[in-house]
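Structure first, then comments.
We did not get these values from a lab; they are worked out from the coordinates using the rules stated. A quick note: this is a predicted structure, and the numbers were derived from the prediction, not measured. Every residue, glycine among them, receives a Cβ derived from its backbone with ideal geometry; neighbour counts consider all protein chains shown.
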Amino acid sequence: MKSGSTAARMIATAGALLCSLAALPANAQLKEYQEPQASDGSSFRPIVSKASANNEIFATLKTRCETDASCGKASGDVCAEAAAVLLGNDPPDLYRDLGSVQRSKVALRLLERGVDNSNMAAARAYDLYGKTDIAGILTGGVADPFRANELMELMIKRNYSGAALRKARSGVSLLGFASSDTERRQHCEMAGKMLAGGKLDVDSKAIANEIIDSSACKTLAAQAQQTQN
């Protein structure tokens, strides 16, 4: 898996070194994607009933990510925004026919351009690299635990609240069976305090609410209420 993380770092480094040149397109791997052929051999595109509302939005965000963000002239958050559009329910027309794995790969190429100066980009890349199913098995087609761990260490070093919340979410999930009640209680209390502080970004706020609404936190809260009564 190290080879995957090495490639990811090379992408981010290349973006900084080649700022004076044209940025590498985030969808470079699409060169291998061949448009379907009609029976007469001519290429065609599937008929789309309605064009995506995000075509121009994504094009603008992608360009800013590949140029300004890669050179440090803009926050890497723009790369996170571009990736979110790509992975959303209304992807740009150019990517609409791609599978989820291919779109995730393109999204990661964008996110890796923004990790150096954006916690949001680093966190969303971490989520894709470490995505698991309910059984704890890595899924999503782009799993890279080694790179995910690197990004987690980077976020912790920056004192990013989203890093601690992601660890806490794992601790109160069904996969956190190794956590003690004391540890789970600490996770729940931390999420509540951070949420009350009102300084969380949109992703971290969602995770904090997810933790508080988890069955583990609700059970501990009910136990505490019974003890008080």
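For a quick protection proxy, order the peptides 119-128, 203-212 by their average other-Cβ count within 10 Å, most packed first.
Taking the mean over residues of other Cβ atoms within 10 Å, the ranking is 119-128, 203-212.
Take every Cα pair under 8 Å in region 160-229 that's 6+ residues apart, average their separations, divide by the length, and report that relative contact order as a whole percent.
Dividing the mean separation by the residue count of region 160-229 yields 37 percent.
Can you give me the P(r) profile for region 160-229? Cα pairs, bins 10 angstrom wide beginning at 0, each as a whole percent.
22, 53, 22, 2
Work out how much length D181 to N209 would gain on full extension: take 0.36 nm times their residue separation and subtract the Cα-Cα distance, in nm to one decimal.
8.2 nm
Tell me, what HN-Hα J-couplings in whole Hz come from the Karplus equation 6.51 cos²θ - 1.76 cosθ + 1.60 at θ = phi - 60° for each residue of region 120-131, using x for Gly and Pro?
These are the phi-based 3J(HN,Hα) values: 5, 5, 5, 5, 6, 5, 4, 4, 6, 5, x, 4 Hz.
Could you tell me the number of lysine pairs in region 147-223 with C-alpha atoms less than 16 Å from each other, where the two lysines are 8 or more residues apart or belong to different chains?
Working: K157/K167; K167/K193; K167/K205; K193/K205; K193/K218.
The result is 5.
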